[in-house]
Amino acid sequence: MQNIYSKPRINVRRIAVAGIFSAFTIILSLIPSLGYIPIPPFTITTMHIPVIVAAVLEGPMIGGFVGLMFGLSSMYAAATIFAGMPTAPFFLNPLVAVLPRILIGLAAYYFYTLLKRIIRNKTVPIVGAALAGTLTNTVGVLGMIYLLYAKEYVEAIGESAAGRSLLTIIFSGAFINALVEIAAASLIGVPVVLALQRFKRQNR
């Protein structure tokens, strides 16, 4: 017997949330000055943040859909805006550009749900979602590049493999950069999620 109090998996609000956050991540992907914020010596990616927020607010299906939009817009940007860059061709492959971005929403939601069950604090699970989502993006994209294009990628970025493994070169500095991106995702994601959750409660 169906529970009359259970929420449908897809409703008007969820469709609206998917559309709004998909628009945000597409805009960030197509406007480099917004999607990539230079904070020397780092370049902070913000395009995954709407995916994380959407997943926390509306679940893995919506988070995965927004991640799909992120990946597709990333492929489009690689074919147009960044076409002249040496690493752009690698992001024309959906296994590099799309699959890891879909997984951002899944990882963020399930890690958020896990932490929410064991920690009463409202902020910590959101930070956990930012952590899981950001690392999924970093490890997923670079991991697929390593599996599919390791040698070609190292040559494209102008690095020498002499004395170092391809894995070390590809991931060199990535985790330090990821820590900054986790901090950025947390600083932006926490207040946004808390505000939207409060708005949802007030309008039930």
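Identify all residues within the range 114-141 that are out of contact with any Gly (no Cβ under 9 Å at 6 or more places or on another chain), free of Cβ contacts under 8 Å to residues at least 40 places away in the same chain, surrounded by fewer than 19 Cβ atoms within 10 Å (Cβ to Cβ) and assigned to a helix (DSSP H, G or I); write none if there are none. Scanning the range 114-141 gives Arg117, Ile118, Val124, Val139. Hey, could you check the range 67-109 for residues that are surrounded by fewer than 17 Cβ atoms within 10 Å (Cβ to Cβ) and of a type in the set (S, T, N, Q) and say which is modelled with the highest pLDDT? For the range 67-109, the residue satisfying everything is Asn93. Examine the range 10-25 for a residue that is out of contact with any helix residue (DSSP H, G or I) (no Cβ under 6 Å at 6 or more places or on another chain), at pLDDT below 90, surrounded by fewer than 20 Cβ atoms within 10 Å (Cβ to Cβ) and assigned to a loop (DSSP other than H, G, I, E, B), and state whether such a residue exists. Taking every residue of the range 10-25 in turn, at least one turns out to be out of contact with any helix residue (DSSP H, G or I) (no Cβ under 6 Å at 6 or more places or on another chain), at pLDDT below 90, surrounded by fewer than 20 Cβ atoms within 10 Å (Cβ to Cβ) and assigned to a loop (DSSP other than H, G, I, E, B). Give the residues of the range 168-196 that are polar (S, T, N, Q) and either under 15 Å from the mean Cα position of the chain (by Cα) or in a helix (DSSP H, G or I) (or both), sorted by residue number. Residues satisfying the conditions are Thr168, Asn177, Ser186.
Looking across the range 146-199, the residues that are free of Cβ contacts under 8 Å to residues at least 24 places away in the same chain and within 30 Å of Val12 (Cβ to Cβ) come down to Pro191, Ala195, Arg198, Phe199.
Comparison of Leu148, Leu135, Leu131 shows that the only residue that is within 27 Å of Asn93 (Cβ to Cβ) and more than 19 Å from the chain's Cα centre (by Cα) is Leu148.
Inspection of the range 152-165 finds no residue satisfying the criterion of being surrounded by 20 or more Cβ atoms within 10 Å (Cβ to Cβ), acidic (Asp, Glu) and part of a helix (DSSP H, G or I).
The values are calculated or read from the model by the stated rules, or taken from the named source; none is laboratory data. In this text, all values refer to a predicted model and were calculated from it rather than measured experimentally. We place every Cβ from the backbone using ideal geometry, glycine too, and count neighbours over all the protein chains shown.
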